[in-house]
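J.: This is the structure, below, for whatever I ask next.
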Amino acid sequence: MAASAWLPPVDLTDSGRPVLFPGEVERLFISSIDLQAEENPSLPPLRSGLLTLTSHRLLWINETSRFAHFIPLGSVIHAFPPKKSIKSMFTSPKIRIQVTSDSDGKITSGKGTTSVVITIVMRGGKSDPEAFYGKLWEVLKSRSWEVEEVKGREDVGEIRDSGSVEGTSRVRTAVVGVAGILRKEQEMWESTDKSLQDAFQDLNALMSKAKEMVALAEKMRQKLLSGSAAQANANDEEMGSKQEMQDWLLSVGIVSPVTKESAGALYHQQLSRQLADFVKLPLEKSGGMIALIDVYCLFNRARGTELISPEDLLQACALWEKYEVPAMLRKFDSGVMVIQSKAHSDEEVFARIISLAQKPDALKMGISPSDAALTLGIAPALAKEHLLNAESRGLLCRDVSPDGFRFYVNMFKEFELGNIYLVKDHGLYKAWISAASLAFA
């Protein structure tokens, strides 16, 4: 009997991160966790996985085999605190939760016919069961998965209340003297209090809508990522709309940024996976390569107030070598560091550069990093690194002048070693002679 028979599965991204529900936020990460149903041995246990507590679910992820399951917090009936005894000092900490299930033992998010007790076993040795239980209890009390919009009847009730107040104010007689001053003071305080309440209601509504927009953006982002394979069949208008959508989504932000508070010792590991998911769209937009400093700015802008340091970014990128993610960190000979898609091909870039360098104007005047940047659709600094890389491969020659760098196609390969004065009347040599003749004409 597979684990999927009693726990629903979780969709994972290319980096192994869970696909979150709209409005779902990660609260805590704990490694080396077992899930087992001790009262029902027929349900297979889950061994040594990453447990993620979110505002909606308990996620168990096997990062090696790339599969995951979850327990909906809406199915949790009760959470039992960790036991404190002499025996517990020599065993792995355990926390038990009672959840609803159907007659077959499968966990359900609604009302089940029976219940089952699931034991969370912390085998890492560094986990704090008290901290996990406190955070779990806090999330259960908040019941974020049950948040509903304000009903229209509440607005109607407010209108009726305000109408009754206005009705009484019309028949109220004027009062003079000290009583009039006190009444006027009270009316002023009531008016101020009502204004503050209205302002906070507007602010809460704005925050609620903002959460909905960020959740919608994340859902659309996942849809764009899943549909990237079909983009070759799209027309120019569809591609333009998709590009605008990608630019808009990048400016919205990350729904649940990984923080040191929530991830603890797993901070850089989870940050690395989240960064790998984040850079997928910018890499598609920039031709498969983007400068590390640009990624730092984009990623921090998307994280809002949860900023990361340059050292955190470098450590997160360095961890990509351990995971099967579609991106990698690359350092050029000049020291410039970039993030590059694994599907990116230097040979394809060199072919485009050589094609540019063999044009008549380029044979006469050479090409600059700005020229290559326009052709490749990347920043001039990265285009210069590609030109220098092509030079090191013997494809280009460099000329340094007060105007900057100019690169020419390597003509030395066209000369015959036995007769360097031989003038060829075909191929690249002929095109170069023709371009040079026009230049001096």
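J.: Evaluate E = 1/(1 + (r/R0)^6) for residue 294 and residue 11, where r is the Cβ-Cβ distance and R0 equals 30 Å; express this FRET efficiency to the nearest 0.05. Present the calculation step by step, with values, prior to reporting the outcome.
T.: Details: r = 29 Å, r/R0 = 0.97.
That gives a FRET efficiency of 0.55.
J.: Within the set 285/331; 280/331; 285/384; 322/342; 106/135; 135/322, which residue pairs have Cα atoms separated by over 23 Å? Each step should come with its number before you reach the end.
T.: Working: 285/331 21 Å; 280/331 19 Å; 285/384 19 Å; 322/342 14 Å; 106/135 25 Å; 135/322 30 Å.
Distance filter (> 23 Å) returns 106/135; 135/322.
J.: What full-extension length gain, to one decimal in nm, is calculated for residue 197 and residue 381 as 0.36 nm per residue of separation minus the Cα-Cα distance? The partial results should precede the final answer.
T.: Values: separation 184, 0.36 × 184 = 66.24 nm, distance 5.30 nm.
In short, 60.9 nm is gained.
J.: Please give the solvent-accessible surface of residue 359 in Å², to the nearest 10, using a probe radius of 1.4 Å with every protein chain present.
T.: For residue 359, the solvent-accessible surface is approximately 110 Å².
J.: Additional query: Using a 1.4 angstrom probe on the protein heavy atoms only, line up 126, 384 by accessible area, largest first. Before the final figure, lay out the partial values.
T.: Details: 126 195, 384 75 Å².
Greatest to least solvent exposure: 126, 384.
J.: I would also like to ask the following. Using the per-residue mean of other Cβ atoms lying within 10 Å as a proxy for protection, in what order, highest first, do the peptides 139-147, 336-344 fall? Walk me through the numbers before you get to the answer.
T.: Working: 139-147: 13.6, 336-344: 17.1.
Per-residue Cβ counts within 10 Å, averaged per peptide and sorted highest first, yield 336-344, 139-147.
J.: Where does region 264-324 land on the Kirkwood hydrodynamic radius, alpha-carbon pairs, in angstrom? Spell out each step's value before the answer.
T.: Details: mean 1/r = 0.0838 Å⁻¹.
Every distinct Cα pair counted, the radius reaches 11.9 Å.
J.: In the full protein assembly as shown, how much of residue 374 is accessible to a 1.4 Å probe, in Å² to the nearest 10?
T.: Counting only protein heavy atoms, the figure is 150 Å².
J.: Under a point spin-label approximation (7 Å from Cα along Cα-to-Cβ), what is the residue 187-residue 401 distance to one decimal in nm?
T.: 8.4
J.: Among 267, 288, 319, whose Cα lies farthest out toward the positive end of the dipole of region 248-335, if unit charges sit on the beta carbon of Lys, Arg (+1) and Asp, Glu (-1)?
T.: So the residue we want is 288.
J.: Tell me, in nm to one decimal, what length is gained between residue 346 and residue 324 on full extension, where the rule is 0.36 nm per residue of separation less the Cα-Cα distance?
T.: Details: separation 22, 0.36 × 22 = 7.92 nm, distance 2.07 nm.
Full extension from residue 346 to residue 324 adds 5.8 nm.
J.: So if the hydrodynamic radius of region 301-340 is defined as the Kirkwood radius over C-alpha pairs, what does Stokes-Einstein give as its diffusion coefficient at 25 °C and 0.890 mPa s, in µm² per second? Each step should come with its number before you reach the end.
T.: Values: Rh = 11.6 Å.
Once the numbers are plugged in, D ends up at 212 µm²/s.
The values are calculated or read from the model by the stated rules, or taken from the named source; none is laboratory data. This one's a predicted model, so the numbers in the text were calculated from it and none came from an experiment. Quick reminder, even Gly has a Cβ in these numbers, built from the backbone with ideal geometry, and neighbours come from all protein chains shown. Ligands, DNA and RNA are excluded from the accessible area calculation, which covers all protein heavy atoms including side chains. Shrake-Rupley method; radii C 1.70, N 1.55, O 1.52, S 1.80 Å.
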